[in-house]
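Okay, so here's the structure we're looking at.
The values are calculated or read from the model by the stated rules, or taken from the named source; none is laboratory data. What you see is a predicted model; the values in this text were computed from it and never measured. A quick note on method: Cβ atoms are made from the backbone with ideal geometry, for glycine too, and the neighbour counts reach across all protein chains shown.
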Amino acid sequence: MSLLVLIGSLSAAILLGAPIAFALLASGVALMIQLDMLNGQIVAQNLLNGANNYALLSVPFFLLAGELMNAGGLSRRIVAIPLALVGHVRGGLGYVVIVAALFLASLSGSAIADASALAALLLPMMRRGGYSVESSTGLVAAASLVAPIFPPSVPFVLFGITANVSITKLFAAGIVPAFLLALALAAAWWWTTRRDNPEPLPKVEPGELLKAVLGAGWALGLPVIILGGLRLGAFTPTEAGAVAATYALFVGGVVYREIDGRGLVEVFVQVGRLSAVLMFLVAAAFVSTWLIGAANVSAQISGLLSPLLGSPLLLMLALNALVFLLGTVLDIVPAILLLTPLLMPLIQKAGIDPVYFGVLFILNNAIGMITPPVGPVLNAVCGVGRVKMNTVIAGITPFLVAETAVLALLIFFPWLVTVPMKALH
């Protein structure tokens with residue numbers, strides 16, 4: 001009964017147009033009424049406890065680093081490297097998008113930030129080069145999904161906090177799947193554009209490539225510092241966020257001198273707004289999480305899926321099918337905050353590695369960011385690229401298939417995640 005109350009109240013609130021945070025609060029209150037324990041103090045206390053988490057400080061820090069990266073010229077200089085490397089090959093700008101997405105993912109940890117940067121920097125060039133608008137926008141949207149599974153991933157931070165799983169291990173486990181995504185997107189781009197004849201960029205001389213690398217040298221230092229510091233244990237993920245933001249501010253403001261006082265204020269205001277929304281979501285979800293535990297909803301789900309507990313593969317297939325469906329209507333942050341406390345007891349009972357599950361869970365929810373009707377990344381590409389939603393949707397299909405194939409590959413071959421994780425951690 002509690003499970004039906006939770007799902008029904010949450011769905012009703014969302015259908016009525018309530019913001020996700022308020023919908024989560026409404027579902028929590030509905031559970032309280034069903035359990036005959038309605039108490040405003042419980043709501044207030046859990047709201048405070050949900051936001052009072054030291055590890056959550058890394059979220060605004062990484063968001064700040066991403067915004068400073070875009071405002072300070074780090075993104076533009078990073079993109080110059082793949083332009084010089086592969087811009088001249090057939091369909092080269094598509095491969096530039098994919099390589100640039102990997103670079104940018106190591107700086108921002110946010111799919112929407114990367115989608116906005118890629119759309120602003122590369123879509124105009126692809127239009128001028130004669131590339132299909134549908135395929136170009138679809139690729140930009142799909143390539144930005146590397147960010148949620150490549151360190152420093154903001155979704156990994158949220159999942160690690162919610163599931164009580166090592167964030168550092170999640171970062172290490174996401175590296176190989178991120179490169180698999182990039183390879184799958186490259187194959188899909190080749191297949192999509194094999195009959196097109198877009199105008200290639202002129203091949204650059206080795207000196208120009210060296211110039212591009214040297215020009216982006218300071219920007220390239222950021223992922224080296226973050227990943228190296230985490231690998232060596234020099235700082236925690238939270239401290240890594242502070243280091244990343246400070247470094248991006250120094251490079252953008254002092255070295256490249258592209259951030260002035262007014263631009264810095266705009267960056268802080270934008271990050272403040274994003275952080276406030278995310279923190280309120282986390283706090284509201286904590287209310288529902290506490291009540292999910294009080295109502296023992298996880299046990300009800302375990303009862304429904306108990307026939308699959310003896311087969312981790314079948315359980316992973318069933319859970320990922322469920323997450324995929326929910327991802328079409330839930331953004332990645334509320335999906336993490338709502339589903340993680342529901343599913344983790346089941347994962348532990350089945351003996352599945354929680355870090356492995358976390359990688360697949362985040363990848364699955366990331367794919368939801370490019371599936372209508374919600375698709376926040378699709379909206380970002382539409383806004384920045386000034387194209388209609390149906391244009392992006394028309395071009396996203398081959399890349400959506402490629403990324404779903406990677407998800408299936410990781411489900412059937414868990415060692416692709418677990419072995420590199422143990423080697424890199």
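Which one of these does L313 not meet: (1) modelled with pLDDT of 75 or more; (2) surrounded by 14 or more Cβ atoms within 10 Å (Cβ to Cβ)?
With (1) modelled with pLDDT of 75 or more; (2) surrounded by 14 or more Cβ atoms within 10 Å (Cβ to Cβ) applied to L313, the lone miss is (2).
Hey, M344 hits all of (1) touching a Pro at 6+ places or on another chain (Cβ under 6 Å); (2) more than 30 Å from A394 (Cβ to Cβ); (3) not aromatic (F, W, Y) but one; which does it fall short on?
(1)
Residues V333, V329: which one is within 24 Å of A23 (Cα to Cα), modelled with pLDDT under 90 and not in a helix (DSSP H, G or I)? Before you say what the answer is, go through the steps one by one.
Details: V333 fails: not in a helix (DSSP H, G or I).
Sole residue among the options that is within 24 Å of A23 (Cα to Cα), modelled with pLDDT under 90 and not in a helix (DSSP H, G or I): V329.
Could you please let me know if M369 is under 28 Å from L15 (Cα atoms), crowded, with 22+ Cβ neighbours inside 10 Å and either out of contact with any Lys or Arg (no Cβ under 6 Å at 6 or more places or on another chain) or of a type in the set (V, I, T) (or both)? Before you say what the answer is, go through the steps one by one.
Numbers: under 28 Å from L15 (Cα atoms): yes; crowded, with 22+ Cβ neighbours inside 10 Å: yes; either out of contact with any Lys or Arg (no Cβ under 6 Å at 6 or more places or on another chain) or of a type in the set (V, I, T) (or both): yes.
Here the answer is yes, as M369 does meet what is asked.
From the list A318, A242, pick out the single residue that is assigned to a helix (DSSP H, G or I), surrounded by 14 or more Cβ atoms within 10 Å (Cβ to Cβ), of a type outside the set (K, R) and in contact with a Phe, Trp or Tyr (Cβ under 9 Å, 6 or more places away or on another chain). Talk me through it step by step, then tell me what you get.
Working: A318 fails: in contact with a Phe, Trp or Tyr (Cβ under 9 Å, 6 or more places away or on another chain).
Step by step, each of A318, A242 is checked, and only A242 is assigned to a helix (DSSP H, G or I), surrounded by 14 or more Cβ atoms within 10 Å (Cβ to Cβ), of a type outside the set (K, R) and in contact with a Phe, Trp or Tyr (Cβ under 9 Å, 6 or more places away or on another chain).
Give the stretch 387-425 a look and list any residue that's in a helix (DSSP H, G or I), surrounded by fewer than 17 Cβ atoms within 10 Å (Cβ to Cβ) and of a type in the set (F, W, Y), or say none.
Correct list: F412, W415.
State yes or no: is L304 hydrophobic (A, V, I, L, M, F, W, C), surrounded by fewer than 19 Cβ atoms within 10 Å (Cβ to Cβ) and either modelled with pLDDT under 80 or part of a helix (DSSP H, G or I) (or both)? Walk me through it before giving the result.
Values: hydrophobic (A, V, I, L, M, F, W, C): yes; surrounded by fewer than 19 Cβ atoms within 10 Å (Cβ to Cβ): yes; either modelled with pLDDT under 80 or part of a helix (DSSP H, G or I) (or both): yes.
For L304, the condition - hydrophobic (A, V, I, L, M, F, W, C), surrounded by fewer than 19 Cβ atoms within 10 Å (Cβ to Cβ) and either modelled with pLDDT under 80 or part of a helix (DSSP H, G or I) (or both) - is met.
So which pairs qualify, if the first residue must be in the stretch 141-155 and charged (D, E, K, R), the second must be surrounded by fewer than 24 Cβ atoms within 10 Å (Cβ to Cβ), the Cβ gap must be under 9 Å, and the two must be at least 6 apart or on different chains?
Note: no pairs meet the criteria.
Would you mind finding the one in F324, F357 that is over 21 Å from A117 (Cα atoms), buried (at least 18 other Cβ atoms within 10 Å of the Cβ) and in contact (Cβ under 8 Å) with a residue 24 or more places away in the chain?
Numbers: F324 fails: buried (at least 18 other Cβ atoms within 10 Å of the Cβ).
None of the others qualify; the one that does is F357.
If you take the residues of the stretch 208-239 that are under 24 Å from the mean Cα position of the chain (by Cα), surrounded by 16 or more Cβ atoms within 10 Å (Cβ to Cβ) and of a type outside the set (A, V, I, L, M, F, W, C), which of them is nearest to I167 (Cα to Cα)?
Filtering first and then ranking leaves P237.
Let me confirm something: among V133, V99, V154, which residue is closer than 19 Å to L222 by Cβ and surrounded by fewer than 22 Cβ atoms within 10 Å (Cβ to Cβ)?
Values: V133 fails: closer than 19 Å to L222 by Cβ; V154 fails: surrounded by fewer than 22 Cβ atoms within 10 Å (Cβ to Cβ).
When all the criteria are applied, what remains is V99.
Please verify whether L170 is under 27 Å from N70 (Cα atoms), at pLDDT below 90 and not in a loop (DSSP other than H, G, I, E, B), treating the condition exactly as stated.
Numbers: under 27 Å from N70 (Cα atoms): yes; at pLDDT below 90: no; not in a loop (DSSP other than H, G, I, E, B): yes.
It is false that L170 is under 27 Å from N70 (Cα atoms), at pLDDT below 90 and not in a loop (DSSP other than H, G, I, E, B).
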